[in-house]
Amino acid sequence: MVTIARYLNVTLIVPELDKTSFWADPSEFQDIFDVNHFITSLRDEVRILKELPPRLKRRVEMGFVYSMPPISWSDISYYHNQILPLIRKYKVVHLNRTDARLANNGQSLDVQKLRCRVNFNALRFTPQIEELGKRVIKLLRQNGPFIVLHLRYEMDMLAFSGCTQGCNNDKVEELTRMRYAYPWWKEKIINSDLKRKDGLCPLTPEETALILRALDIDKNYHIYIAAGEIYGGDRRMASLAAAYPKLVRKETLLGPSDLGFFQNHSSQMAALDYLVSLESDIFIPTYDGNMAKVVQGHRRYLGFKQTILLDRRLLVDLIDQYNNGSLSWIQFSDTVKETHERRRGQPSKRLVIPDRPKEEDYFYANPEECLQQRDGQLSST
């Protein structure tokens, strides 16, 4: 949205955050991000205001505002041709959906570099979040290298995706009821087994334990779980905890007084996890959601820090073969290691699929235009 406002030469109002989702998080933009830094660091590019000027605010309060969702994955020309005339006509246009509204590819280098500048420099968390993040990282660093495991196995993730591997009938019914309760989750009837085989489900904690062992991840590493409450609790975490006894979470590293302010503010908790994820020696996401994608790209930007990108479609097939005795442990482990040798966040080209933007690589996961070629390697600029 910053980039679009810049190229339309219009004023941007500090974004509002969705408060109606499952998380019911009341946080405002300024509760998560350093809003003054955001505005001042971009003042040479775009005018950003914290709120509408009084005259325009009155117009909005009286209902004189045009509200619409922009078309997903649009070229910058769409905004020039379709949105700018609306802004000129109505003075204020409220874009009520702003995720994935600019195409990953086919944009000018200036557009792509500005996207990076916003994402990696202008967006800075509040001093309170940044300070707490530094404390967590310091505590982890005292024990040597550490891994962040972005374990997407929370109740909302499973209900939304329809993935119920390892859940009993009561849990499956509970997740199904939840999916039907939220009207904006459009897909209701989901075949969990087929979705899992297509690699579209987050790995379960049990599957994750097998994969970490197959990758020869040292059990003496501290593994920080970046996630909300794991669905099924200790029972579902048992095999992972047995294989890796040094599992930690923000709740085990910090006292209640440190986290009290963040309770019921899931976005601020996620911001804390984001900071720790950036600084880890290895980052391993078990699902490719938005946060995992952006952390992956940010780690590339910081110098191609190791991120193990799990091929879930391949892995669930290998896991099933191992569990039914078709593969020995050595065959299983060797295949997992071999197939992930080139999936560790190394320099690579973004996958482009014309006319199928949802299936191609996300710009922020691999912002290659912002990484400069030097002696056969890429580095951030």
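Out of ASN119, ASN104, which single residue is surrounded by 14 or more Cβ atoms within 10 Å (Cβ to Cβ), in contact with a Pro (Cβ under 7 Å, 6 or more places away or on another chain), at pLDDT 95 or above and not hydrophobic (A, V, I, L, M, F, W, C)?
ASN104
Sort through VAL10, VAL14, VAL93 and tell me the only one that's closer than 30 Å to GLU130 by Cα and open to solvent by less than 60 Å² (accessible area, probe 1.4 Å). Result: VAL14 is the single residue among VAL10, VAL14, VAL93 that is closer than 30 Å to GLU130 by Cα and open to solvent by less than 60 Å² (accessible area, probe 1.4 Å). On the stretch given as region 122-138, residues that are closer than 23 Å to ILE225 by Cα, part of a helix (DSSP H, G or I) and open to solvent by less than 60 Å² (accessible area, probe 1.4 Å) total 6.
Out of everything in region 316-355 that is without any contact (Cβ under 8 Å) to a residue 24 or more places away in the chain and basic (Lys, Arg), what residue ends up being least open to solvent (accessible area, probe 1.4 Å)? Ranking the candidates gives LYS349 first.
If we keep just the residues of region 1-50 that are of a type in the set (Lys, Arg) and over 21 Å from ILE83 (Cβ atoms), which is modelled with the lowest pLDDT? Walk me through how you get there before you give the answer.
Narrowing region 1-50 to residues of a type in the set (Lys, Arg): 6, 19, 43, 47, 50.
If we keep only those that are over 21 Å from ILE83 (Cβ atoms) as well, we get 19, 43, 50.
Numbers: LYS19: 74, ARG43: 97, LYS50: 97.
Only one residue fits best here, namely LYS19.
Scanning region 178-188 for residues that are hydrophobic (A, V, I, L, M, F, W, C) and either surrounded by 22 or more Cβ atoms within 10 Å (Cβ to Cβ) or modelled with pLDDT under 90 (or both) returns ALA181, TRP184, TRP185. Sub-6 Å Cβ pairs linking a first residue in region 209-233 that is farther than 18 Å from LEU310 by Cα to a second residue that is open to solvent by 30 Å² or more (accessible area, probe 1.4 Å), at least 6 apart or interchain, are HIS222/ASN143; HIS222/LYS246; TYR231/MET155, ordered by first then second residue.
Starting from residues that are modelled with pLDDT under 95 and among the hydrophobic types (A, V, I, L, M, F, W, C), keep the ones in region 53-75 and report whichever is farthest from VAL93 (Cα to Cα). Here the answer is MET62.
Kindly evaluate ASP320 against the criterion of being more than 17 Å from ASP216 (Cβ to Cβ), at pLDDT below 95 and of a type outside the set (Lys, Arg). For ASP320, the condition - more than 17 Å from ASP216 (Cβ to Cβ), at pLDDT below 95 and of a type outside the set (Lys, Arg) - is not met.
Assessment of region 199-212 against the conditions (over 20 Å from TYR322 (Cβ atoms) and surrounded by 14 or more Cβ atoms within 10 Å (Cβ to Cβ)) yields at least one matching residue. Just so you know, in region 73-90 the residues that are farther than 28 Å from GLU61 by Cα and touching a residue at least 12 places away in the same chain (Cβ under 8 Å) include one that is least open to solvent (accessible area, probe 1.4 Å), and it is SER74.
Residue-by-condition table, conditions (1) buried (at least 17 other Cβ atoms within 10 Å of the Cβ); (2) in contact (Cβ under 8 Å) with a residue 40 or more places away in the chain:
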| position | (1), (2) |
| --- | --- |
| ASP31 | yes, yes |
| ILE39 | yes, no |
| LYS50 | no, no |
| LYS57 | no, no |
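List every residue pair whose Cβ atoms lie under 9 Å apart, where the two residues are 6 or more positions apart in sequence or sit on different chains, the first residue falls within region 163-182 and is over 20 Å from LEU200 (Cα atoms), and the second residue, located anywhere, is modelled with pLDDT under 95 and assigned to a helix (DSSP H, G or I). Listed pairs, sorted by first residue: GLU174/MET155; GLU174/ALA159; ARG177/ALA159; ALA181/ALA159; TYR182/ASP156; TYR182/ALA159; TYR182/PHE160. State which residue is most open to solvent (accessible area, probe 1.4 Å) when the search covers only region 248-298 and only residues that are assigned to a loop (DSSP other than H, G, I, E, B) and charged (D, E, K, R). Across region 248-298, the extreme among qualifying residues is ASP288.
Conditions tested, residue by residue: (1) small (Gly, Ala, Ser); (2) buried (at least 20 other Cβ atoms within 10 Å of the Cβ).
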position	(1), (2)
MET155	no, no
THR164	no, yes
ASN169	no, no
THR176	no, no
SER192	yes, no
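Taken over region 185-208, the criterion of being hydrophobic (A, V, I, L, M, F, W, C), closer than 18 Å to GLY289 by Cα and free of Cβ contacts under 8 Å to residues at least 40 places away in the same chain is satisfied by TRP185 alone.
For (1) assigned by the TED database to the domain that holds ASP156; (2) β-branched (Val, Ile, Thr); (3) touching a strand residue (DSSP E or B) at 6+ places or on another chain (Cβ under 9 Å), each residue gets a yes or a no:
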residue	(1), (2), (3)
ILE4	no, yes, yes
PRO26	no, no, no
ILE32	no, yes, yes
PRO54	no, no, no
GLY63	no, no, no
TYR66	no, no, yes
SER74	no, no, yes
TYR79	no, no, yes
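Among the residues making up region 216-232, those that are surrounded by 18 or more Cβ atoms within 10 Å (Cβ to Cβ) and within 17 Å of LYS250 (Cβ to Cβ) are HIS222, ILE223, TYR224, ILE225, ALA226, ALA227, GLY228, ILE230. Go through ASP99, ASP110 for me and flag whichever is among the acidic types (Asp, Glu) and at pLDDT below 95. Residue meeting the stated conditions: ASP99.
The values are calculated or read from the model by the stated rules, or taken from the named source; none is laboratory data. Worth saying up front: this structure is predicted, and the values here are computed from it rather than measured. Cβ coordinates were reconstructed from backbone atoms using ideal geometry, including for glycine residues, and neighbour counts include every protein chain displayed. Side chains are part of the model used for accessible areas, which takes the heavy atoms of the whole protein and leaves out ligands, DNA and RNA. Shrake-Rupley method; radii C 1.70, N 1.55, O 1.52, S 1.80 Å.
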